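Structure first, commentary second.
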Amino acid sequence: MATPLPLRVFEAEARVYRRTWRGSVVSGFLNPILYLAAMGVGLGSLVDQNLPGGVEGVSYLTFLAPGLLVATAMQTGAGEGAWKVMAGIKWQKTYQAKLATPIGVPSLVAGHMLWSGARVLMVSVIFAVIMSAFRVAPLLQSLLAVGPALLVGLAMVAATTAFTARLDEPTGLPLFFRFVVIPMFLFSGAFFPITQLPGWLQPIALATPMFHGVELSRAIVVGAEPAVTWWVSVMYLSAWIAIGTALAVSPFRKRLTP
Amino acid sequence: MTALIHATGLTKRFGEFTAVDDIDFSVEQGESFGFLGPNGAGKTSTMRMIGAVSSITDGTLSVLGLNPMEQGSQLRSRLGVVPQEDNLDQELTVYDNLMMYGRYFDLSRAVIRERIDELLEFVQLTEKRMSKVDALSGGMKRRLTIARGLINEPDLLILDEPTTGLDPQARHVLWDRLYRLKQQGVTLIITTHYMDEAEQLCDRLVVMDKAKIVAEGSPRSLIEEYAPREVVEVRFPAGVLDDVTDRIEDLAPRTEILADRALLYTDDAESTIASIAASGLDPETILARRSSLEDVFLRLTGRSLVE
């Protein structure tokens, strides 16, 4: 039986990744350790001293960890949708090479989504393992929290891919990270509840995909009731993935197979 | 003979701009067919339509009996493509590039491994098997791209400007390899703006200019049809040429005055050179040569091919 075309794209991406996997796994372990140690344990001890009731009823480390898991997935997703897509379309033109084979644009985009999802999954699973090593939650519970992280990661891959594929020049990408990704990372409820934000900013935080993932993942780890009904958040994130992917196909077509 | 490619009224427009304007051609099985023309003539756009990576605005096109618009994936699985710009994966090895590409065609790893050995031998890159593509010279990269295009044993190999940007030695190595492919019976489609390349490699070619086909035939028949047998090229010191234009034009049935030299088309170069001497003109150099496709192109378009 013929291998489905998106899986062929997936395999090729995995082959490219094989060259750099060591460095990527090392930083996959190192980043969560550094963040959880500095923010969760270090800064967290100060927070806990001043808030005897904890943040939303738990220690700062426990509050932070599931949020940071989702924030990391979000950032990974944005990275996969940005530099790799720019390289494929413009810098190395490897997408053109793929499209001269039986692979067509929809399969190319689908394979890219699959592979990027795998990358988000790898980073998130490593994070979950570290999180349980920090005794935030048992391993199984930590691994369950990867689910929402994966949804957020894929939502970001889709949206970022759709955005990058429309850029003529890569100069838009640093701006995108500075004004969209980093603010989302910091202000979507991972580090502090969004109720601490000025009132006019709260709806913006609420609209980000990351916020919904943070709430779901925290609900799984801490057992708290999420701010939005869980299935609404799941639907919302799925819509980001579906619409983002659909929006990525047309600029791919326009630029690669005019 | 069966037509492998058949185009009628083929047209490609990008918005207001017409890249390919109502062209007809057909390519037979086992033929080596060229598209000759300057940059922007519509060659690449035509290639991309044949390769099923660009939509057809108007007209009909059949490639290997398939419709590129509707059976693109099926068609591409039987094509080999060597694009104008190298798009190899720079960070992977020669071997990995070929393995990765073969997998797009869903070939088994064992089959690909066998073909990699044969193809690297064929393009003389066996020693570079485990080198990163980044470290290869331009000529080697182009040869690797050709090997990549052959990994699926295509029925048709499409080469877009295969030797542009290569030094003369690398070009000859490449021509030699392409010539062998041709002898093995692989159908080749080649675009080029080099006359010598077209003469070396193409059984038949079309000359394109401004989105149209302006002539068609074998290199020899085009030369016979559009240019007298011989050309005498005369060069003059800067500034002198303008003053003697009228006198040169009297010396041969057809002449072309270029920026730095004049071309005199003749059936008998010797007597033309004698009449130049007799006329009292004193050119810096006089060169007699056989007519080439360059002269055909000049005749057809009034412009030289490589500016």
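Values in this text are rule-based calculations from the coordinates and carry no lab data. This one's a predicted model, so the numbers in the text were calculated from it and none came from an experiment. No Cβ is skipped: glycine too gets one built from the backbone with ideal geometry, and neighbour counts run over all protein chains shown.
Name the residues whose placed amide hydrogens come within less than 5 Å of the amide hydrogen of B:E28, ignoring near sequence neighbours (fewer than 5 apart) on the same chain.
Those lying under 5 Å, H to H, from B:E28 are B:L4.
Taking θ as phi - 60°, what are the ³J(HN,Hα) couplings along the stretch A:226-239 by the Karplus curve (6.51, -1.76, 1.60), each to the nearest whole Hz, with x for Gly and Pro?
Running phi through 6.51 cos²θ - 1.76 cosθ + 1.60 with θ = phi - 60° gives x, 5, 10, 3, 4, 6, 5, 4, 4, 4, 4, 5, 4, 5 Hz.
Please list, in chain and number order, the residues 5+ apart from B:V81 or on another chain whose amide H is under 5 Å from its amide H, with Hs placed from the backbone.
Under 5 Å from the amide H of B:V81 lie the amide H atoms of B:I158, each far enough along the sequence or on another chain.
Once you charge only the Cβ atoms, +1 for Lys and Arg and -1 for Asp and Glu, what is the size of the charge dipole of the protein assembly as shown about its Cα centre, to the nearest 20 debye? Walk me through the intermediate numbers first.
Working: 51 positive and 60 negative charges, 591 e Å.
Its charge dipole is roughly 2840 debye.
For B:D209, what is the net charge nearby, where nearby means another residue's Cβ is under 11 Å from its Cβ and Lys, Arg count +1, Asp, Glu -1?
Numbers: positive: B:K43, B:K210, B:K212, B:R303; negative: B:D21.
Net charge around B:D209: +3.
Tell me, what ³J(HN,Hα) does each residue in the stretch B:59-65 have, in order and in whole Hz, if you take phi through Karplus 6.51 cos²θ - 1.76 cosθ + 1.60 with θ = phi - 60° and put x for Gly and Pro?
Taking θ as phi minus 60°, the curve returns x, 10, 9, 10, 10, 6, x Hz for the stretch B:59-65.
Please name whichever of B:L107, A:G213, B:V173 sits farthest to the positive end of the charge dipole of the protein assembly as shown, dipole taken about the Cα centre and charges placed at Cβ: Lys and Arg +1, Asp and Glu -1.
A:G213
Can you put B:Y104, A:Y35, B:Y179 in order, fewest other beta carbons within 10 Å first? Before the final figure, lay out the partial values.
Values: B:Y104 24, A:Y35 17, B:Y179 14.
Arranged by neighbour count, lowest to highest, B:Y104, A:Y35, B:Y179 become B:Y179, A:Y35, B:Y104.
Read phi for every residue in the stretch B:120-137 and hand back ³J(HN,Hα) as whole Hz from Karplus 6.51 cos²θ - 1.76 cosθ + 1.60, θ = phi - 60°, with x for Gly and Pro.
Going residue by residue, I get 5, 4, 4, 9, 6, 10, 4, 6, 8, 2, 9, 7, 6, 4, 2, 8, 7, 6 Hz, with x marking Gly and Pro.
To make sure I understand, if each residue's beta carbon is the centre and we count other beta carbons within 10 Å, what order do A:H212, B:H172, B:H193, B:H6 fall in, fewest to most?
Details: A:H212 29, B:H172 14, B:H193 20, B:H6 17.
Ordered by Cβ neighbours within 10 Å, fewest first: B:H172, B:H6, B:H193, A:H212.
What is the antiparallel percent of DSSP beta bridges lying wholly in the protein assembly as shown, to the nearest 5? Before the final figure, lay out the partial values.
On the way: 37 of 55 bridges.
Roughly 65 percent of the beta bridges in the protein assembly as shown run antiparallel, per DSSP.
Quick one: work out the % antiparallel among DSSP beta bridges in chain B, nearest 5. Please report the intermediate quantities before stating the final value.
Details: 36 of 54 bridges.
Just about 65 percent of them are antiparallel.
Which value, in debye to the nearest 20, describes the size of the charge dipole of chain B about its Cα centre when Lys and Arg Cβ atoms bear +1, Asp and Glu Cβ atoms bear -1, and nothing else is charged?
Values: 34 positive and 51 negative charges, 266 e Å.
Computed about the Cα centre, the dipole is about 1280 debye.
Can you tally the net charge around A:P6? Count Lys and Arg as +1, Asp and Glu as -1, for every other residue whose Cβ sits under 14 Å from the Cβ of A:P6.
Numbers: positive: A:R8, A:K98, B:R103; negative: A:E11, A:E13, B:D106.
Neighbour charge sum, excluding A:P6 itself: 0.
Which order do B:E199, B:E16, B:E85, A:E56 fall in if you start with the one that has the fewest other Cβ atoms within 10 Å?
On the way: B:E199 19, B:E16 5, B:E85 11, A:E56 14.
The most exposed by this proxy come first: B:E16, B:E85, A:E56, B:E199.
Mind checking the dipole of chain A: about its Cα centre, +1 per Lys or Arg Cβ, -1 per Asp or Glu Cβ, Debye to the nearest 20?
Numbers: 17 positive and 9 negative charges, 229 e Å.
It comes to approximately 1100 debye.
Roughly how many Å is it from the Cα centre of the stretch A:146-186 to that of the stretch B:246-267, as a whole number?
The stretch A:146-186 and the stretch B:246-267 have Cα centres spaced 64 Å from each other.
What is the calculated FRET efficiency for B:R220 to A:S27, with r their C-beta to C-beta distance and R₀ = 60 Å, to the nearest 0.05? Don't skip to the end; give the middle numbers.
Working: r = 63 Å, r/R0 = 1.06.
Computed FRET efficiency for B:R220 and A:S27 comes out at 0.40.
Say the dipole of chain B comes from +1 at the beta carbon of Lys and Arg and -1 at that of Asp and Glu; which of B:V27, B:G80, B:S221 then lies farthest toward its positive end?
B:G80
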